[in-house]
Amino acid sequence: MLRPSIVITSLLASCASSVELNEEAPEHHRRDGTFVNSNGKAIDKPLSALIKWQREAPDVIPLTLPSVPPQLDALTNPSDAQVTWIGHSTFLLQVDGLSILTDPIFSERASPVSFAGPKRTTPPAMTLEQLPPIDIVLISHNHYDHLDKPSIKALQSKQPDNPPSYYVPLRQKAWFDKLGVSDVTELDWWASAEIGNATVHAVPVQHWSSRSPFDRNKALWAGFVIDSPSLRTLFVGDSGYSNDFKAIAQRLGTVDLALVPIGAYDPRWFMKSAHMNPEEALQVVEDVGAKRAIGMHWGTFSLTDEPMAEPGERADATGVIETPKPGETIDLIGTLD
Ligand code: ZN
Ligand code: ZN
């Protein structure tokens, strides 16, 4: 079955590149202006592999996750450490007076166009209008299911006088400039920014970037550690399993909460380098010493071959990674000792 997928156009662009190391820059910066993973490699699949995957892909039955109505009172009067899963990789993380939104996507499709591309099967747990004022938006990378133009534009018009501050990986700022969004800070891996009494660190993860056939790996991808007095959180973004997670714990210390991707992992021969499965996500949770972990990147868009309910079932089977319903606000105060 040929599935319309954002992955397709991007993978078509994969040109085998014998890129050279840029010696004055960090090792993940290449002289041709692209980035590689911390293992020195770019994720590059030949076209033949893409065709094989598409030819063998099964029909995936759409799944709508049961959600709970947003607890608007809790969102407008948050505790010092609470988190709400809105769907896919979009969380509302509220810590010490800051409202932080991760990879916001409220659109019907994860696609450059509104009439084609992966369609949402579970609606967002709340509308953009129901969000409390957002202070910070974190963008892990530029794939369409993580960086959604209509959602960013809507956030900007919703808060014309106090727009959010955006933290994005290196070389992603130009995209925001074109949109007229100015409060954008680019972070390289291991760089950080102070925001009030919180610090946001960009950290390496194993993935790739692309929004068109011409921009593969020209912008960086990242996870974020959000360090505030009441909670230290790792938002993984999109990643395969790698040694990056042990490195994160070594350099920045263990975390209280890990927001980990658990879906888009089949077929393994094609997806493993870029997307972890729930068991690998459990390894991440252990690597970073997280006291609690919540699964994301599942149950919202069908991007790959596994049945849509399977990531949640396998995460539940770990006994560690939680799978809250979209819309449920989890108060973490007093639960992390
Ligand atoms: Zn991605
Ligand atoms: Zn993704």
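The values are calculated or read from the model by the stated rules, or taken from the named source; none is laboratory data. Not measured: the values here are computed from a predicted model. Here the Cβ positions follow ideal geometry from the backbone for every residue, glycine too, while neighbour counts run over all protein chains shown. Heads up: the accessible areas ignore ligands, DNA and RNA and are worked out on the full protein's heavy atoms, side chains in. Shrake-Rupley method; radii C 1.70, N 1.55, O 1.52, S 1.80 Å.
Some points to look at:
- Total lysine pairs under 16 Å (Cα atoms) in the chain, excluding pairs fewer than 8 apart on one chain: 12
- By a 1.4 Å probe calculation restricted to protein chains, THR76 has an accessible surface near 90 Å², given to the nearest 10.
- Protein accessible area in segment 79-122, 1.4 Å probe - carbon and sulfur %: 51
- Theoretical FRET efficiency, 1/(1+(r/R0)^6), r = Cβ-Cβ of GLU129 and ASP96, R0 22 Å, to 0.05: 0.30
- Value of Rg/Rh across the chain [Cα atoms, Kirkwood radius]: 0.93
- If you wrap the tightest convex hull around every Cα atom of segment 102-231 and split its volume per residue, you get 127 Å³.
- Karplus-derived 3J(HN,Hα), 6.51/-1.76/1.60, for each residue of segment 265-281, Hz, glycine and proline x: 10, 10, x, 4, 4, 9, 9, 4, 5, 9, 9, 7, 9, x, 5, 5, 4
- Equivalent ellipsoid, segment 236-323 (semi-axes from 5 times Cα gyration tensor eigenvalues, Å): 21, 14, 9
- Counting all C-alpha pairs of segment 189-261, share separated by more than 19 Å (%): 36
- Placing dummy labels 7 Å off each Cα toward the beta-carbon, the span from LYS246 to SER157 is 5.0 nm.
- Annotation for segment 46-112 versus segment 172-251: alpha-carbon center distance of 17 Å.
- Using C-alpha pairs under 8 Å with a sequence gap of at least 6, the mean separation divided by the residue count of the chain gives a relative contact order of 20 percent.
- The rule of thumb for compact globular proteins, 2.2 N^0.38 Å, goes into the C-alpha radius of gyration of segment 172-302 1.09 times.
- Under the criterion of Cα pairs below 8 Å and six or more residues apart, the relative contact order for segment 65-125 equals 27 percent.
- Solvent-accessible area, 1.4 Å probe, carbon plus sulfur percent, for segment 201-337: 52
- Full extension of the chain between PHE115 and TRP269 gives 52.4 nm of extra length, using 0.36 nm per residue less the Cα-Cα distance.
- With each label modelled as a point 7 angstrom along the Cα→C-beta vector, the ASN39-ILE61 pair spans 3.5 nm.
- Remark: segment 237-252, residue by residue, has Karplus-estimated 3J(HN,Hα) of x, 10, 6, x, 6, 7, 6, 4, 6, 5, 5, 4, 5, 5, 7, 10 Hz, where x stands for each Gly or Pro and the curve is 6.51 cos²θ - 1.76 cosθ + 1.60 at θ = phi - 60°.
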